[in-house]
1. What is the magnitude of the charge dipole of the range 85-190 about its Cα centre, with +1 placed on the Cβ of each Lys and Arg, -1 on the Cβ of each Asp and Glu, and no other charges, expressed in debye to the nearest 20?
2. When you have a sec, figure out the Kirkwood radius of the range 218-286 from all distinct Cα pair distances and drop it here in Å to one decimal?
3. Any idea what the dipole of the range 147-259 comes to, in debye rounded to 20, about its Cα centre with Lys/Arg Cβ at +1 and Asp/Glu Cβ at -1?
4. Within the P(r) computed for the range 40-144, what percentage of the Cα pairs occupies the region above 16 Å?
5. Of the labelled options [x] 57, 53, 33; [y] 51, 44, 37; [z] 62, 59, 29, which one gives Cα extents along the principal axes in Å as computed for this structure?
6. Using only alpha carbon positions, build the gyration tensor of the range 173-307, then give the equivalent ellipsoid semi-axes as the square roots of 5 times its eigenvalues, largest first, whole angstrom.
7. Need the full-extension length gain, R268 to T249, defined as separation in residues times 0.36 nm minus the C-alpha distance. One decimal, nm.
8. Based solely on its DSSP helices, what 222 nm [θ] is calculated for the chain when runs of n ≥ 4 H residues each add -39,500 (n - 2.57) and the sum is averaged over all residues, nearest 500 deg cm²/dmol?
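The values are calculated or read from the model by the stated rules, or taken from the named source; none is laboratory data. What you see is a predicted model, and the numbers here were worked out from it, not measured in a lab. Reconstructed Cβ throughout: ideal geometry from the backbone, glycine too, with neighbour counts over all protein chains shown. Surface areas here come from the heavy atoms of the whole protein model, side chains and all, with no ligands, DNA or RNA. Shrake-Rupley method; radii C 1.70, N 1.55, O 1.52, S 1.80 Å.
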Amino acid sequence: MERTVHPRAGWLRSPASLVTALVAVLGLLVAAAAPAGAARTSLVPLPDGLRPEGITAGPGDTYYVGSLADGRIVTGDLSRATSRVLLPGATGRQIRGLDRDARTGLVWAAGNVGTEAHVWAVDGRTGRVASDTVVPGGVFLNDLVVTRDAVWVTDSRVDRLTVIALGRGGRPTGAAPAFLPLTGAWPAGDGVANNANGIRQLSDGSAILNNSRVGGLWRVDPATGVTTQVPVSGGPAITGGDGLELSGTTLYNVRGTGQAEVSVLTLRRSATGWTATWRGALTDPSLDVPSTAVLVGKTLWAVNARFGVVDPGTAPYWITPLAAR
């Protein structure tokens, strides 16, 4: 993929304060020069030590990123490269997957407080927690997707989907969560290695998952939990996937093959089921173990989790823009 203007990769090895300052200046300059509707080209700095994992967006250029360090949610404007705290952090809390429901403006978040699994709904304007659902038996709630009448959540250490029912207009009902065991061809996990990770809803109402342990893409029948593998043609094998993003028939599989890329696939549905064709990968020198991504206009914004970085509690973090295909 042809790249436009980005900071040189060497800047990312500078002290945190220098990285933040340089990224912010570049972001203002490039955003001001970009024509309307064009893909964005500037990094968005996040607070040092945030340890980001999940991202969602809306309305417009507003984004939300969750923290593994203390369960904060930060928000800001992608075009202006700003950030502020929406939901303050709390001791022992971690937030992984995020998804915003445009009907309600609620940002749904999956994670934990200590060993207790939670799914939260947070007002995207005020940061007020509208609902907090404790998930019995949850171990490692990872990603989620908001559908018309429910929130589906993956648990990377338990082979099931957690289902949070939604009421009229997408409002939380307060009901206890239900569970959909993953059966059929789904490769059962060992309870230790991460299995199910990213999740999105397909046009037929079913779910599509990736699997961090064995790779591949998997379709789940939402009524039965029966899971079938989605055959992928062309390109390398889809391995080590993290977050998923879906736009029409284009599926973005974050870190689906290499450790610094986003795999791009085309999904097709036929009378015999779903298939996928590998179209290529989005890469950039600034990618550093991306975890999730969100599509805004013509730009895919990828969070760099930087897993394995020295001193994650003080390290700089950022969001990388990639021209979508």
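1. Details: 11 positive and 10 negative charges, 81 e Å.
Dipole of the range 85-190, to the nearest 20 debye: 380 debye.
2. Details: mean 1/r = 0.0785 Å⁻¹.
The Cα-based Kirkwood calculation yields 12.7 Å.
3. Details: 9 positive and 8 negative charges, 42 e Å.
In total the dipole reaches around 200 debye.
4. Numbers: 2860 of 5460 pairs.
The calculated P(r) of the range 40-144 puts 52 percent of pairs beyond 16 Å.
5. Only one option fits the structure, namely [y].
6. With the √(5λ) rule applied to the range 173-307, the semi-axes are 23, 18, 16 Å.
7. Answer, rounded to one decimal: 6.1 nm.
8. Values: 1 runs with 18 residues, N = 325.
Only helices count here, giving -2000 deg cm²/dmol.
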